[in-house]
Amino acid sequence: MEYKDYYQILGVSKTASKEEIAKAFKKLARQYHPDLNPDNKTAEAKFKEINEAYEVLKDEEKRKLYDRLGPNWQHGQDFQPPPGFENMHFEFRPGGPGGGMGGFTNMGGGDFSDFFETLFGGGFAGAGGMGGSRTYRSTGGPFGQTRPRRGADSEATLELTLEEAWRGGPKTITLQERLPGQPPSIKTLQVNIPAGIKEGARIRLAGQGNPGNQGAPSGDLFLKVAMLPHRQFYLDGVNVVLDLPLAPWEAALGAKIRVPTLDGSVELAVPAGVDSGRKFRIKGKGLGTGAEKGDQLVKVRIKSPKSLTAEEQALWEQLARVSKFAPREE
């Protein structure tokens, strides 16, 4: 369920005074009031949203409650409702004779969003249409809820090595769970990793999210995959890349090299005269599955010796004298 920024809806700052909030509300209410925008569903929806924001921000206790939760309202964050909040009465009264726009104290009433009802309760008694007089009484638990509501989904990061992502299989994970009004607890779960899972993929664990209220089912937990750094490989999309150092003579003469993959080592035939930066492809050794399965790319890096014996120095000098190779002229 989406968090609603009531300050943004009214176009005021979080430090706005009650007078500033009322002024902003009146201006927007005049603009979007259904009486002035007949048969305009967009204006009607905007008007209800404005009214919902004002009903929270004009009330000191409700505004305090809303500010304490903020965009993390679904996770609780050690929130405790103000004492006696469950007994609060929210009143919406007509602004003038015949209702309508007089006074702007009863702009639309009712039809609040799920976010509002989750925060302040859905158990309201009363009736009346646009501009009518109504009194809503909050009943039930600390949020005034009287109907079961499914728990919110949650998300956590699942860190995997490239080998774990390649192989897949069962993995035990430990999470710290924080529920409103309860101390943090440790939660251990068994997760089945699909073989070849990619960076950024999400694994859904049904019923492992935030608990529902009044016996309603819990939400789901989504684990977002993040790959841990590897000492040899790195990723290029679904392709696994390996930098392969070669000695100058291996690059010049060619060589057969055993190179590691996520599925064991294979022999790679490096042709004579290979340049630094050349890539070789080992089919099907990347991440992903089916038609989207990646490959392993082996990238050549020619490395020169950093220290030479006297004999090696003499041989390199001899090669330099007899070689016709002119790399900057090709």
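List of remarks:
- Odd one out for G103, checked against (1) assigned to a helix (DSSP H, G or I); (2) over 29 Å from the mean Cα position of the chain (by Cα); (3) at pLDDT 80 or above; (4) surrounded by fewer than 15 Cβ atoms within 10 Å (Cβ to Cβ): (3)
- Number of residues in the range 180-208 that are touching a helix residue (DSSP H, G or I) at 6+ places or on another chain (Cβ under 9 Å) and over 21 Å from M227 (Cα atoms): the value is 1.
- Counting only strands (runs of 3 or more DSSP E) that sit wholly inside the range 224-316, those with at least 1 residues that are within 14 Å of L162 (Cβ to Cβ) are 233-236, 239-246, 255-261, 264-270, 296-302.
- Count of the range 31-50 residues, restricted to those that are surrounded by 12 or more Cβ atoms within 10 Å (Cβ to Cβ) and either in contact (Cβ under 8 Å) with a residue 60 or more places away in the chain or assigned by TED's automatic domain parsing to the domain that holds G212 (or both), is 5.
- Within the range 18-57, tally of residues that are outside any helix (DSSP H, G or I) and within 17 Å of S113 (Cβ to Cβ): 0
- Of the candidates V274, V240, the single residue that is in contact (Cβ under 8 Å) with a residue 24 or more places away in the chain, of a type in the set (V, I, T) and farther than 30 Å from A201 by Cβ is V274.
- Across the range 173-185, the number of residues qualifying as under 22 Å from the mean Cα position of the chain (by Cα) and part of a strand (DSSP E or B) comes to 5.
- Selected residue (criterion: surrounded by the most Cβ atoms within 10 Å (Cβ to Cβ)) from residues of the range 200-232 that are within 15 Å of the chain's Cα centre (by Cα) and touching a residue at least 60 places away in the same chain (Cβ under 8 Å): L223
- Residues within the range 161-172 that are in contact (Cβ under 8 Å) with a residue 60 or more places away in the chain and either farther than 19 Å from G286 by Cβ or in contact with a Lys or Arg (Cβ under 8 Å, 6 or more places away or on another chain) (or both), tallied: 1
- Qualifying residue in the range 233-241 (condition: at pLDDT below 95 and loosely packed, with under 10 Cβ neighbours inside 10 Å): no
- F79 at pLDDT below 90, of a type in the set (A, V, I, L, M, F, W, C) and within 23 Å of the chain's Cα centre (by Cα): yes
The values are calculated or read from the model by the stated rules, or taken from the named source; none is laboratory data. This structure is a prediction, so every number in the text was calculated from the model and none was measured. With ideal geometry, Cβ positions are generated from the backbone for all residues, glycine too; neighbour counts draw on all protein chains shown.
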